Amino acid sequence: MALNQILRTWLSESAYIDIHCHKAAGNGKLAIVSMDTADFNPDDLNNGFYTLGIHPWFIARQDWRTVLDKIAAVAHHPNLLAIGECGLDKAIDVPMPLQIEAFESQIQLAEHLGKPVIIHCVRAFNELMQIKKAGKNKVPWIIHGFNGNSVLAGQLIKQGCYLSFGKALLQDGGKVRQTLAMMPVERLFLETDAAEDVSIGAIYAAAAKILGLDVSVLKQQILSNFQRVFLHD
């Protein structure tokens, strides 16, 4: 059975989609697990749905070009849904030119494969948008763990990006709540990331309250977004 058919059958019974996490979810949830290339075992791809990429934190700790070749070698596996997380981070000591080179190489791989990209970005959104504008990329970019303001969100959405919100939605008075309330829901995903103490259901409930939607309506919207990005509807 083709991947699209498998996913469609599974999603019709699924309660939640967790677009980015680091641990597989239980029944009733579609968890897209971000796999660490340092611990990567190709056999793991047979046990769920994954993304695989070179995180900017780990670029300088390895020969990232060799790692990229390993990613490319398994990139056609049907359970590998996206490239990432990868991206740019100004809160670390890795030189930005090196980060950009590794990031752009992964974007090129994603373009070749026609797969979306899960992006980590910290204090480097100007550089990120410059790359987006210059590359004229066709595959979807999903900014994970977004907690910026509505102006930044609008700029990213204008460039065609999707935004994924997580645990920050549970914090009272946070700017990210105001950002979510003002963004188009057709560009929205939700995630747990590395938060082991928070369920994806709690994040959906918080997002639905902020948006003034029933949780069931929000689930359907994110399912539609998932189909558009990953199943090319």
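Pick from region 14-50 the residues that are polar (S, T, N, Q) and under 20 Å from Leu68 (Cβ atoms): which of them is modelled with the highest pLDDT? Spell out the reasoning first.
Taking region 14-50 and keeping what is polar (S, T, N, Q), we get 14, 27, 34, 37, 41, 46-47.
Cutting the leftovers down to under 20 Å from Leu68 (Cβ atoms) gives us 34, 37, 41.
Details: Ser34: 92, Thr37: 75, Asn41: 81.
Taking the candidates together, the pick is Ser34.
Filter region 82-135 down to residues that are of a type in the set (A, V, I, L, M), over 21 Å from Arg65 (Cα atoms) and in a helix (DSSP H, G or I), then give me how many there are. Break it down stepwise before answering.
To start, the set of residues in region 82-135 that are of a type in the set (A, V, I, L, M) comprises 82-83, 88, 91-92, 94, 96, 98, 100, 102, 107, 109-110, 113, 117-119, 122, 124, 128-129, 131, 134.
Then drop every residue that is not over 21 Å from Arg65 (Cα atoms), which leaves 91, 122, 124, 129, 134.
The next check asks that each one be in a helix (DSSP H, G or I); those that pass are 129, 134.
Adding up the residues that qualify gives 2.
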Select, from Leu170, Leu180, Leu190, the only residue that is touching a residue at least 40 places away in the same chain (Cβ under 8 Å) and not β-branched (Val, Ile, Thr). Leu190
Within region 155-185, track down each residue that is among the hydrophobic types (A, V, I, L, M, F, W, C) and touching a Gly at 6+ places or on another chain (Cβ under 6 Å). Ala168
If we keep only residues of region 153-165 that are free of Cβ contacts under 8 Å to residues at least 60 places away in the same chain and buried (at least 19 other Cβ atoms within 10 Å of the Cβ), then the residue farthest from Leu52 (Cα to Cα) is Ala153
Is there a residue in region 101-111 that is more than 23 Å from Arg61 (Cβ to Cβ) and out of contact with any His (no Cβ under 6 Å at 6 or more places or on another chain)? yes
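The values are calculated or read from the model by the stated rules, or taken from the named source; none is laboratory data. Quantities reported herein were computed from a predicted structural model and do not represent experimental measurements. As a convention, Cβ positions derive from the backbone with ideal geometry for all residues, glycine included, and neighbour counts pool all protein chains shown.
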